[in-house]
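Take a look at the structure set out below.
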Amino acid sequence: MSQATTPHGILVSVGGAEDKGTDLEKGIIQRNRLNFFELGILKTILSLIKKGEMPRVEVITTASSIPDEVSENYLDAFKKLGCDNVGHLRIRNREDAAKPEYIERLKQCNCIMLSGGNQLRLSSIFGGTEFLTLLKERYQKEHFVIGGTSAGAMAMSNTMIYEGSAAAAHLKGEVKITTGLGLMQDVIIDSHFDKRGRFNRLAQAVASNPGAIGIGLGEDTGVVVKHGTHLQAVGSGSVIIIDGKNIDYNNIADIEFGKPISVENIIVHIMSAGDVYSLASRTFEGRNIEAGIED
């Protein structure tokens, strides 16, 4: 894994309990989703903020098509967890991203939460902006927490999937890749992994970029990333790791677009809550419930 310096911040990437068209995006929190908000990963995010500090969270709904409804749900959820110092950075375009008010609020908060929706909106609106530069600086230099769900999780990596049908993902060219926000290097993150059957999608992305590690996140499931390389699974489902370092045969460069890909000797790990993986050494380190949560 290439990392210029060891980040002091923490990333929390979540496979999603909200995305474009789902119940949360419509402003409805179903009973079976309450654990995600009240007892699950949002609680974990708050616990990771530096002890002794009054949490100030800013929610960014740029990826969402209905930002106000989504922000209201997040504000309500954080309030249920005892955190009512939460704001909404309603950034809809590059002009909004440059507003001095939003830059200042980014400087003052302890935590940023990126909502789900369309990850291409995140990369195209924040790419090259002062806002993104400051976000990266705070992540690198401070105990700063950045959470992201669904599109917000996928956009954290430098290499980002932005499109690709799960049904056709075994065919060359069906998985579309661009540059994400670049908070993490040499990884590719995919969300809603189990529910939407995205194994082939992530496998093709890794086959095209064998130096990158694929991270597939199930819903209500995520990873806590500390020191830029220490990854721990949290939540109720599975995290899938796809490693292409030992790939032998790979036909993706030689076949025509639309033809099925062949990949030999790809490595797959399946992780559940508490399991730890080292991105630096590309090794599954087993179960260590405390390792990713406490300093």
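May I ask you to list the residues in the range 91-112 that are within 16 Å of Gly152 (Cα to Cα) and in contact with an Asp or Glu (Cβ under 7 Å, 6 or more places away or on another chain)? Ile112 - this is the single residue of the range 91-112 that is within 16 Å of Gly152 (Cα to Cα) and in contact with an Asp or Glu (Cβ under 7 Å, 6 or more places away or on another chain).
Would you confirm whether any residue within the range 54-69 is surrounded by fewer than 20 Cβ atoms within 10 Å (Cβ to Cβ), polar (S, T, N, Q) and over 16 Å from Ala155 (Cβ atoms)? The answer is no; no qualifying residue exists. The single condition among (1) in contact with a helix residue (DSSP H, G or I) (Cβ under 9 Å, 6 or more places away or on another chain); (2) polar (S, T, N, Q); (3) buried (at least 24 other Cβ atoms within 10 Å of the Cβ) that Asn250 does not satisfy is (3).
Regarding Asp190, is this residue within 30 Å of Lys50 (Cα to Cα), touching a residue at least 12 places away in the same chain (Cβ under 8 Å) and crowded, with 22+ Cβ neighbours inside 10 Å?
Details: within 30 Å of Lys50 (Cα to Cα): yes; touching a residue at least 12 places away in the same chain (Cβ under 8 Å): yes; crowded, with 22+ Cβ neighbours inside 10 Å: yes.
Criteria met by Asp190.
Residues that are closer than 20 Å to Lys43 by Cα, modelled with pLDDT of 95 or more and in contact with a strand residue (DSSP E or B) (Cβ under 6 Å, 6 or more places away or on another chain) are absent from the range 242-258. Within the range 88-124, the set of residues being within 21 Å of Met54 (Cβ to Cβ), in contact (Cβ under 8 Å) with a residue 60 or more places away in the chain and either in a helix (DSSP H, G or I) or in contact with a Pro (Cβ under 7 Å, 6 or more places away or on another chain) (or both) comprises Asn110, Cys111. Residues in the range 24-65 that are outside any loop (DSSP other than H, G, I, E, B), modelled with pLDDT under 90 and either on the phi > 0 side of the Ramachandran plot or of a type outside the set (Val, Ile, Thr) (or both): Arg31, Asn32, Arg33, Leu34, Asn35, Phe36, Phe37, Glu38, Leu39, Leu42, Lys43. The residue pairs whose first member lies in the range 41-68 and is farther than 22 Å from Gly82 by Cβ, whose second member is acidic (Asp, Glu) and part of a loop (DSSP other than H, G, I, E, B), and whose beta carbons are closer than 8 Å, counting only pairs six or more residues apart or on different chains, are Ser64/Glu25; Ser65/Glu25; Ile66/Glu25.
Of all residues being crowded, with 23+ Cβ neighbours inside 10 Å and not hydrophobic (A, V, I, L, M, F, W, C) in the range 193-213, which is farthest from Pro260 (Cα to Cα)? Just the residue, please. Among them, the one singled out is Arg198.
If the condition is being modelled with pLDDT under 90, of a type in the set (A, V, I, L, M) and surrounded by 20 or more Cβ atoms within 10 Å (Cβ to Cβ), then the range 1-23 contributes only Ala17. Where strands (runs of 3 or more DSSP E) fall entirely within the range 151-212, those with at least 1 residues that are touching an Asp or Glu at 6+ places or on another chain (Cβ under 9 Å) and at pLDDT 95 or above are at 159-163, 176-179.
The values are calculated or read from the model by the stated rules, or taken from the named source; none is laboratory data. Keep in mind it's a predicted model, so treat the numbers as computed, not measured. Methodologically, a virtual Cβ is constructed for each residue, glycine included, from the backbone with ideal geometry; neighbour enumeration extends over all protein chains shown.
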